[in-house]
Amino acid sequence: MAFLQSGPMREPLFKAPASGLALIGVLVAAHVARVLAPGAVSEHILIYYAFIPLRYAANVLDAGGLLDRAIPFVSYMFLHADATHLIINCLWLLAFGSVVARRFRFALFFLFFVICGLAAAITHLLCNWGSPDPVIGASGAIAGLMAAGVRMLSVQTLRGMEPSNDLLPILSSQVLMFSALWVGMNLLFGL
């Protein structure tokens, strides 16, 4: 029969775009490098590269220069508390980042990821001014990818996966429903 293949079908293990898998590789490499570093070096990395709102308060004298204050806005995304934190972020990145990565080119995908992370850091800074608690992880950047992915994925699903540059309107029922569920889940687990 012509429609049957003689050998087993070979499906790729991941159908994720290379840019999404590359970003996951960078996150994993950064985590492994910090974990394998000697204790003092690992601690130094957390102190200097985590995002700490207190670093930006006017009364902090030893926060370093402009570059020392700018780097944590990006570097915190590449630090994770433990393997579980890293794996959960990578799974969310794989699920929602793939949708965005298919739409954007390689460099634009990374740039969008960083912009989402910057927005998350700025929002955290404004809501927690002067807090000494460090923030690490790519969750804020991935939340931005998730928001973009919901707007992109829903249009693809509605149109039967045909290529489109359209986005669902922000006030569409699908986007509002997902947003309400996301906020509700965060409040439930956060409280």
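The values are calculated or read from the model by the stated rules, or taken from the named source; none is laboratory data. Given the structure is predicted, the values throughout are model-derived calculations rather than measurements. Every residue, glycine as well, gets a Cβ built from its backbone with ideal geometry; the counts of neighbours run over all protein chains shown. Just so you know, the surface numbers come from the protein's heavy atoms only, side chains and all, with ligands and any DNA or RNA stripped out. Shrake-Rupley method; radii C 1.70, N 1.55, O 1.52, S 1.80 Å.
When the residues TYR56, TYR76 are ordered by accessible surface, computed with a 1.4 Å probe over the protein chains alone, the sequence from largest down reads TYR56, TYR76.
Distances between placed amide hydrogens fall under 5 Å for LEU79 paired with GLY137, all partners being 5 or more residues away or on another chain.
Residues whose amide H comes within less than 5 Å of that of SER131, counting only those at least five positions distant or on another chain, are LEU54 (H built at 1.01 Å from N in the peptide plane). The overall shape of segment 24-153, judged from the alpha-carbon gyration tensor, is oblate: a/c is not under 1.5, and a/b is no greater than b/c.
Taking θ as phi - 60° and the Karplus parameters 6.51, -1.76 and 1.60, the scalar couplings of segment 71-82 work out to 4, x, 4, 10, 5, 4, 5, 9, 10, 9, 5, 7 Hz in sequence order, x denoting glycine and proline.
From most to least packed by mean Cβ count within 10 Å, the peptides 18-24, 32-38, 83-89, 98-104 give 98-104, 18-24, 83-89, 32-38.
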